[in-house]
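Just below is one structure, and these are the notes that go with it.
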Amino acid sequence: MRFMDAGGTHSENHKPHNAKISDFRNNPDRLASMVQNYDMKTLRSLGGVDGIAKAVEVSIDEGVKSSEFSVRQETYGVNKYTEKPSKSFFMFVWEALHDLTLIILIVCALVSIGVGLATEGFPDGIYDGLGILLSILLVVTVTAVSDYKQSLQFKDLDKEKKKISCHVTRDGGRKKVSIYDLVVGDVVHLSIGDQVPADGIFVKGYSLLIDESSLTGESHAVNIDEKKPFLLGGTKVQDGSAKMLIAAVGMRTEWGKLMETLSEEGENETPLQVKLNGVATIIGKIGLGFAVLTFLVLAVRFLVEKALRNEFSSWTSSDAMTMLDYFATAVTIIVVAVPEGLPLAVTLSLAFAMKKLMDDKALVRHLSACETMGSSTCICTDKTGTLTTNHMVVDKIWVSGKTKDVKESFELSQDLSTIIIECIFECTSAEVVKDKDGKTSILGTPTESAILEYGLLLGGDFSAIRGAITVIKMEPFNSTKKKMSVIVSLPDHRVRAFCKGASEIVLEMCDKIVDGSGETVPMSEEKARVVTDVIKKFADNALRTLCLAYSDMEDGFDTQKDIPKDGYTLLAVIGIKDPLRPGVKEAVETCLKAGITVRMVTGDNINTARAIARECGILTEGGLAIEGPEFRAKTTEEKSAIAPRIQVMARSSPTDKLDLVKHLRGLHEVVAVTGDGTNDAPALHESDIGFAMGIAGTEVAKEQADVIVMDDDFATIVKVAKWGRAVYINIQKFVQFQLTVNIVALMINFVSACITGSAPLTAVQLLWVNLIMDTLGALALATEPPNDGLMGRPPVKQTESFITKTMWRNILGQSVYQMAILFVLNFAGKPILNLQGPDATKILNTFIFNTFVFCQVFNEINSRDMDKINIFHGMFSSWIFIGVMVSTVVFQVIIVEFLGTFASTVPLNWELWLLSIALGAVGMPIAVILKCIPINKPPVAHGDYTPLPRGPDNA
């Protein structure tokens with residue numbers, strides 16, 4: 001291609017391509033254009049990446065100076081994408097007003113005002129219509145406020161989701177910064193699993209493979225090197241490591257331009273919301289049927305009475321008002337019957353749970369994750385960093401035939417010590433960095449950091465050894481090979497290979513060993529057995545083992561060839577300790593009580609895995625510990641048969657983890673999976689709910705996950721399960737409460753309309769009840785925090801009916817009581833209450849309305865627990881619940897005593913107030929009686945034994 005370029009410059013139509021460095025200085029658009037167009041000609045004519053570094057006035061070795069930071073942001077732009085403006089509060093008001101039933105009610109209210117003004121004049125004629133309009137305004141305002149606050153909450157969570165950091169060279173040292181603080185000229189360090197943070201040019205690296213599918217849609221990875229050096233922001237590092245020079249940031253990047261054309265999509269509906277939308281639709285249709293029937297009954301009755309009085313031919317404006325009132329009542333029945341509060345309750349509950357989990361260090365990326373976690377039956381967890389602290393330290397080392405404790409001082413021969421230090425410092429992707437104060441810190445994975453720390457402890461000088469030795473070729477560590485290899489040129493020009501990795505893999509590559517006298521001798525079977533025993537002993541003490549090996553290459557090394565896989569000399573076996581996290585034992589115990597099986601899936605060897613699993617209570621009697629290759633070798637039927645018994649899978653590869661998840665899901669398990677590496681992404685994607693680690697996790701893992709565990713702690717995962725269960729049970733409480741109100745409100749108005757010709761509850765009153773049971777009820781019941789009892793019951797099966805027998809018992813029991821009271825009052829209230837005079841009907845209807853509302857207030861308290869008799873447990877610590885209850889009662893007093901003109905009520909005396917409250921309160925002892933009625937049949941005893949459970953789920 002270069003030859004053709006050179007030849008092309010002599011043709012008549014081809015002009016010489018001479019780009020100048022000065023053309024690119026302070027010219028962000030030209031820089032961005034060169035990268036996005038993969039313009040190699042321009043890059044070559046500028047002198048490659050060094051020329052670009054000159055153009056952006058930066059030293060590749062030193063990086064950007066902090067003092068230039070703000071100037072660079074002004075010149076080249078900030079690494080942030082322009083976000084679409086979020087919806088304003090008035091947009092939510094406008095959306096809430098689009099509800100069809102509310103629009104019909106608004107029309108009814110306006111017609112009512114028009115007819116009222118014509119017949120009764122101002123102001124008496126406008127009260128009915130104005131009352132409906134005010135009620136609608138209140139419903140719309142509360143709905144809009146709720147939706148707006150929720151959108152703000154999601155915006156905060158979205159900001160948290162986008163917090164990504166990367167390693168850069170700045171002021172001559174390596175630092176960790178947010179990707180939003182990157183500027184043109186920054187030198188970024190990339191490793192497996194990282195997201196490329198902006199557009200740039202490859203400086204140097206090893207085996208860099210980039211997944212560009214997020215931009216191009218192409219599934220195969222692209223190899224990036226000096227010949228193909230352009231990197232685009234938003235792509236992922238699939239393999240290898242490298243340094244890149246940032247050439248374009250923010251909206252000038254390819255990703256930024258793509259973002260400009262996209263609008264941020266909202267959350268999809270969760271499975272529970274879909275299920276409840278179905279319930280809401282059915283109830284809505286029933287309500288519509290009742291509304292139409294109510295209107296027909298009232299209208300036909302009115303017309304028949306008119307005909308009987310021989311007034312059918314003469315129509316007055318008051319007749320029109322009566323018909324309009326009937327229509328408004330029918331529409332209001334639809335408003336009450338359509339439980340728009342159901343999806344709202346789910347959203348509120350999930351949003352509240354997400355906010356609380358955020359405080360508990362769990363960032364929920366998808367709404368449905370919370371809900372799914374409530375019915376999870378097993379958790380496949382990593383060991384390192386999740387069950388353990390992820391602060392690795394070298395505890396023991398086996399070298400020259402002896403096991404040494406690192407805490408105790410011991411002598412090594414000078415040559416052996418030098419080779420071990422060289423192997424540790426060269427065969428690593430971690431780095432030792434010094435800050436301004438000269439304080440040393442290590443940047444890298446916990447395992448790498450532990451070994452590097454040990455190298456410093458042996459007296460090695462990281463920068464001196466790195467400066468003296470040249471790396472010829474490197475194979476970074478990956479989870480498939482389970483080793484890292486490097487070929488280096490020593491100061492005396494000898495070529496040497498170093499290898500570090502999983503003990504059994506590196507041991508197989510060795511045919512020589514360093515003996516007790518420090519000499520290199522052939523690896524006999526006996527010596528190999530000794531090393532295997534050492535590895536097993538270390539593992540039995542819950543130590544993670546790694547082997548170090550080297551090989552001198554007498555004939556040099558051809559860079560086109562692969563790094564040798566045999567002929568190595570074993571240097572040492574290193575045992576690394578990673579203590580259990582505090583609280584893990586208790587968290588595992590909680591899971592087991594809750595019917596959630598915990599399975600450890602780790603790359604460690606089987607002995608270490610067993611030791612840790614026993615320590616934290618995962619491995620129990622009858623549980624199976626298996627190695628990945630052994631599981632892999634089994635047939636599909638065998639895998640399905642043993643999958644439920646597996647509690648520990650050691651030496652597992654990413655495909656083993658994925659395979660296990662698939663088999664468990666095939667057995668109708670709801671599987672949660674934890675992961676931190678890029679290799680975990682398929683299993684995270686396949687699982688019902690994926691947890692990525694916030695500290696150790698790569699960007700690829702985080703993107704595939706549903707929840708990001710910010711503190712990498714297993715106990716946090718258990719908190720998500722607890723909140724998931726709380727969400728499910730809270731929605732059930734709310735549905736129980738709402739269906740009771742629905743049934744009673746529909747029946748009282750329908751039956752009364754059929755028998756007496758008028759509905760006791762007016763449109764305004766029903767709108768207020770609608771507000772109590774929808775928005776306020778959702779707020780009170782859907783935001784209850786979880787209690788410890790939730791983790792003492794088995795997980796809810798996904799096939800289980802959402803409205804349980806327990807709920808139906810409570811709904812029907814309360815509905816029968818409320819309807820009995822209201823029907824008695826409606827048909828025989830005047831003589832019972834001794835009401836006489838012209839206002840008797842108004843007082844009775846107000847009393848019925850008041851009693852109905854107080855029945856709902858006490859039923860809301862009853863709904864706090866569907867099974868237990870003590871419904872007050874934790875009530876006074878839930879300020880939202882208390883706030884909603886107090887607000888409902890206060891507003892009810894205002895409606896009855898002061899808003900009579902709008903709500904068609906009259907003030908009641910204190911005896912009637914007390915009676916209303918007392919009749920509502922009777923619902924509480926009735927709830928106790930209902931809870932004593934058994935629902936599930938107890939198992940029938942046959943002599944001294946109980947029959948075994950039957951069916952596929954219990955096989």
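For this structure, a couple of remarks:
- Qualifying residues in the range 280-307 (those that are free of Cβ contacts under 8 Å to residues at least 60 places away in the same chain and open to solvent by less than 70 Å² (accessible area, probe 1.4 Å)) - the one farthest from residue 743 (Cα to Cα): 307
- Search result, residues across the range 20-68 that are within 43 Å of the chain's Cα centre (by Cα), hydroxyl-bearing (Ser, Thr, Tyr) and part of a helix (DSSP H, G or I): 33, 66, 67
- Single residue of the range 55-97 satisfying the filter (closer than 17 Å to residue 243 by Cα and of a type outside the set (Asp, Glu)) that is most open to solvent (accessible area, probe 1.4 Å): 59
- The range 672-697, subset in contact with a Gly (Cβ under 9 Å, 6 or more places away or on another chain) and surrounded by fewer than 24 Cβ atoms within 10 Å (Cβ to Cβ), residue farthest from residue 865 (Cα to Cα): 679
- Test: residue in the range 128-144 that is open to solvent by 60 Å² or more (accessible area, probe 1.4 Å), at pLDDT below 75 and among the charged types (D, E, K, R): yes
- When the range 308-321 is filtered for residues that are assigned to a helix (DSSP H, G or I) and either touching a Phe, Trp or Tyr at 6+ places or on another chain (Cβ under 6 Å) or open to solvent by 70 Å² or more (accessible area, probe 1.4 Å) (or both), only 308 remains.
- Taking the conditions (1) of a type in the set (Phe, Trp, Tyr); (2) modelled with pLDDT of 90 or more; (3) surrounded by fewer than 23 Cβ atoms within 10 Å (Cβ to Cβ) in turn, residue 568 satisfies each one other than (3).
- Qualifying residue in the range 849-869 (condition: closer than 24 Å to residue 732 by Cβ, of a type in the set (A, V, I, L, M) and surrounded by fewer than 18 Cβ atoms within 10 Å (Cβ to Cβ)): yes
- Residue 645, sole failed condition from (1) among the basic types (Lys, Arg); (2) farther than 26 Å from residue 367 by Cβ; (3) out of contact with any Leu (no Cβ under 6 Å at 6 or more places or on another chain): (3)
- Meeting the requirement of 1 or more residues that are surrounded by fewer than 19 Cβ atoms within 10 Å (Cβ to Cβ) and basic (Lys, Arg), the helices (runs of 4 or more DSSP H) wholly within the range 378-490 are 462-468.
- Within the range 685-701, the set of residues being under 12 Å from the mean Cα position of the chain (by Cα) and not in a loop (DSSP other than H, G, I, E, B) comprises 689, 690, 691, 692, 693.
- Condition met for residue 894 (at pLDDT 80 or above, touching a helix residue (DSSP H, G or I) at 6+ places or on another chain (Cβ under 6 Å), assigned to a helix (DSSP H, G or I) and closer than 26 Å to residue 859 by Cβ): no
- Against the list (1) among the acidic types (Asp, Glu); (2) part of a loop (DSSP other than H, G, I, E, B); (3) at pLDDT 80 or above, the condition residue 305 fails is (2).
Conditions tested, residue by residue: (1) under 16 Å from the mean Cα position of the chain (by Cα); (2) among the small types (Gly, Ala, Ser).
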| site | (1), (2) |
| --- | --- |
| 659 | no, no |
| 662 | no, no |
| 667 | no, no |
| 676 | yes, no |
| 703 | yes, no |
| 712 | yes, no |
| 716 | yes, no |
| 721 | yes, yes |
| 725 | yes, no |
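- The residues of the range 719-738 that are open to solvent by less than 10 Å² (accessible area, probe 1.4 Å) and of a type in the set (A, V, I, L, M, F, W, C), listed by number, are 720, 721, 726, 727, 731, 734, 735, 737.
- When residues of the range 704-718 are limited to those that are crowded, with 22+ Cβ neighbours inside 10 Å and among the charged types (D, E, K, R), the one farthest from residue 807 (Cα to Cα): 712
- Looking across the range 532-557 at every residue that is more than 17 Å from residue 401 (Cβ to Cβ) and among the polar types (S, T, N, Q), the one that is modelled with the highest pLDDT is identified as 551.
- Single unsatisfied condition, residue 820 versus (1) open to solvent by 40 Å² or more (accessible area, probe 1.4 Å); (2) within 20 Å of residue 279 (Cα to Cα); (3) aliphatic (A, V, I, L, M): (2)
- Only a single item in (1) touching a strand residue (DSSP E or B) at 6+ places or on another chain (Cβ under 9 Å); (2) in a helix (DSSP H, G or I); (3) acidic (Asp, Glu) is not met by residue 511, and it is number (2).
- Matching residues, the range 739-793, being crowded, with 19+ Cβ neighbours inside 10 Å, of a type in the set (Gly, Ala, Ser) and part of a helix (DSSP H, G or I): 745, 752, 753, 763, 777, 778, 780
Residue-wise test of (1) assigned to a helix (DSSP H, G or I); (2) at pLDDT below 90; (3) of a type in the set (A, V, I, L, M).
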| position | (1), (2), (3) |
| --- | --- |
| 603 | no, yes, no |
| 613 | yes, no, yes |
| 617 | no, no, no |
| 626 | no, no, yes |
| 631 | yes, no, no |
| 638 | yes, no, no |
| 642 | yes, no, yes |
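- Residue 260 acidic (Asp, Glu), part of a helix (DSSP H, G or I) and at pLDDT below 70: yes
- Checked across the range 793-814, the condition of being more than 26 Å from residue 763 (Cα to Cα), under 31 Å from the mean Cα position of the chain (by Cα) and among the acidic types (Asp, Glu) holds for at least one residue.
- Residues in the range 491-525 that are aliphatic (A, V, I, L, M) and either surrounded by fewer than 15 Cβ atoms within 10 Å (Cβ to Cβ) or under 30 Å from residue 239 (Cβ atoms) (or both): 495, 497, 502, 505, 506, 507, 509, 521.
- Being basic (Lys, Arg), touching a residue at least 40 places away in the same chain (Cβ under 8 Å) and either more than 16 Å from residue 570 (Cα to Cα) or outside any helix (DSSP H, G or I) (or both) is a property that holds for residue 500.
- Pairs where the first residue, in the range 700-717, is touching a residue at least 40 places away in the same chain (Cβ under 8 Å) and the second is among the aliphatic types (A, V, I, L, M) and open to solvent by 30 Å² or more (accessible area, probe 1.4 Å), C-beta under 8 Å, 6+ apart: 710/695; 711/695; 712/695; 712/696; 716/710
- Residues of the range 166-222 classified as of a type in the set (Gly, Ala, Ser), surrounded by fewer than 17 Cβ atoms within 10 Å (Cβ to Cβ) and closer than 14 Å to residue 60 by Cα, total: 2
- Flag if residue 590 is hydroxyl-bearing (Ser, Thr, Tyr), at pLDDT 85 or above and under 43 Å from the mean Cα position of the chain (by Cα): yes
The values are calculated or read from the model by the stated rules, or taken from the named source; none is laboratory data. Note that this is a predicted model, so its numbers are computed, not measured. Because the Cβ atoms are built from the backbone with ideal geometry, glycine has one as well, and the counts that use them run over all protein chains shown. Only protein heavy atoms, including side chains, enter the accessible area calculation; ligands, DNA and RNA are left aside. Shrake-Rupley method; radii C 1.70, N 1.55, O 1.52, S 1.80 Å.
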